[in-house]
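In what follows, a structure is listed as structure tokens, so that the remarks can point back to it.
The values are calculated or read from the model by the stated rules, or taken from the named source; none is laboratory data. A quick note: this is a predicted structure, and the numbers were derived from the prediction, not measured. A quick note on method: Cβ atoms are made from the backbone with ideal geometry, for glycine too, and the neighbour counts reach across all protein chains shown. These accessible areas exclude ligands, DNA and RNA; they are computed on the full protein's heavy atoms, side chains included. Shrake-Rupley method; radii C 1.70, N 1.55, O 1.52, S 1.80 Å.
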Amino acid sequence: MSFKRFTPSDFLVSADSVTAPCWANNVYDLTNFFTSSTQEASLQGDYVLAVYQTSSTLDEAAIQFYLGYANQLGSGSTPYNSAIPQYSPSSTLYGQWRNLILEDENANFLFGEVSQSDFFIVAVERANYKQSLFPGSLNLAIKSGSRTINLTDNSNDISVVPYINGTRVYQIVSGSNGSAVSTTVSGSTVAGQTVSGSYGWFVPDMGAILLNAQALALPTASGGIALLYSGSQFSNSASNGFNNAKIFTAISGGDSFELNSQENVTSDFVFVRPQNAEFNYTTNPSFITGSTGEVLYSSFINNPQTYITTVGMYNDSNELLAVAKLSRPLVKDFTKEALIRVKLDF
């Protein structure tokens, strides 16, 4: 074994952005959606519904994303106490996401500059989106009756990335692949929005999509899809509106949910440079005699030759920190120099 101290020029740090499909088995376009009837009927179902890519009774079923409904006044779900109707699972979710994104219990959600008090939540399973969601990859079809709206984020339509308290927040608009399509709202041409504002927020760093419930509930003449439209829309505060199941029906009816994850992989490259005069002699004790210490093979005196198979990296305390294995032995003698690149991923 031979040692050589690294110099600063032997190190290089590189960062690469890696994108991949969010869904199981590297599927980019999720077209099959399943929920658990047991969860839907339980107390947990009042808060969120887990959505699977295949029947939840099968072993290979895996949670792909969660659905929830948030309402500032607690409407749309059963109150914890009938005497205090404004406190319910929907108000709890509203407060949770307000704290996560807005970081202010008095702030309001502005979807395309229009303040709204309720929204649907599509939260991607944490293991699926890794570091963040990839802006421009969202293509979500939502269907109600005979009307389908294709939604995306507006990341390709803006030149400055929008932030809220250090978190990237894009508007969700009708369109595809990060670009909106122009629609007519109240006689004016608007990029993919409605009279109730945009269709929601795309929050890639939290793996979340917030869908503006009032935009989806609009009549088709106003740019919406009349999702369960009624005079009170989603504001029934006296009972469970089963809004989680309703948005699931709209998403599964669209039969298409495309989304990619994004991850920045940092790599340390270490360059090992055995020069022509280095590492030519072996330290293997079997090449010398045990009594006199002479070299057993005379060819190793004037024309030594070794084979490099492993590179070990040590600290100043002579502790082994990392090991790199060569794919095949590398012959080394006085006539040869080598450059071995070792990649360390974190």
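When exposed loop sites are taken as GluC sites (Glu not before Pro) in a DSSP loop with at most 11 other Cβ atoms within 10 Å, the longest stretch of the chain clear of them is 114-293.
Anisotropy class assigned to segment 17-134 is oblate, per the alpha carbon gyration tensor with a/c at or over the 1.5 cut-off and a/b no larger than b/c.
Straight-line reach from Lys4: taking Cα to Cα under 18 Å and skipping same-chain neighbours fewer than 8 places apart, the aspartates and glutamates in range are Glu278, Asp316, Glu319, Asp333, Glu337. Within the same chain, aspartates and glutamates fewer than 8 places from Lys130 are excluded, and of the rest, those with a Cα less than 13 Å from its Cα are Asp205, Glu263.
The base-10 log of I(q)/I(0) for the chain, evaluated at q = 0.09, 0.10, 0.11, 0.12 Å⁻¹, reads -0.61, -0.68, -0.76, -0.85 [Debye formula, identical scatterers on Cα atoms, solvent excluded]. In the complete set of protein chains, residue-level accessible area for Val160 is approximately 110 Å², probe 1.4 angstrom. Here segment 1-118 exposes an accessible surface that is 52 percent carbon and sulfur, computed with a 1.4 Å probe and the other protein chains kept in place. Protein heavy-atom accessible surface, 1.4 Å probe, per residue over the chain: 52 Å².
Accessible area per residue was computed with a 1.4 Å probe on protein heavy atoms; Tyr28 scores about 80 Å². Working note: Karplus 6.51/-1.76/1.60 with θ = phi - 60° gives segment 84-94 the couplings 10, x, 7, 10, 7, x, 5, 6, 5, 5, 4 Hz, where Gly and Pro are set to x. With all protein chains in place and ligands, DNA and RNA left out, the 1.4 Å accessible area ranks Ile164, Ile172 as Ile164, Ile172, largest first. Net charge near Thr309: determine it from the other residues with C-beta under 11 Å of the C-beta of Thr309, scoring Lys and Arg +1 and Asp and Glu -1. The answer is +3. One chain, two ends: Asn284 and Glu105. Fully extended at 0.36 nm per residue, the span grows by 57.5 nm beyond their Cα-Cα distance.
Treating cross-link reach as a plain straight distance, find the lysines whose alpha-carbon is under 16 Å from the alpha-carbon of Lys343, omitting any fewer than eight places away in the same chain. Qualifying lysines at Cα under 16 Å: Lys325. Tell me the carbon and sulfur percent of the accessible area for segment 119-186, rounded to whole percent, probe radius 1.4 Å. Within segment 119-186, the accessible surface is 46 percent carbon and sulfur.
As a fraction of the 1.4 Å probe accessible area of segment 262-346, surface on carbon and sulfur atoms comes out at 50 percent.
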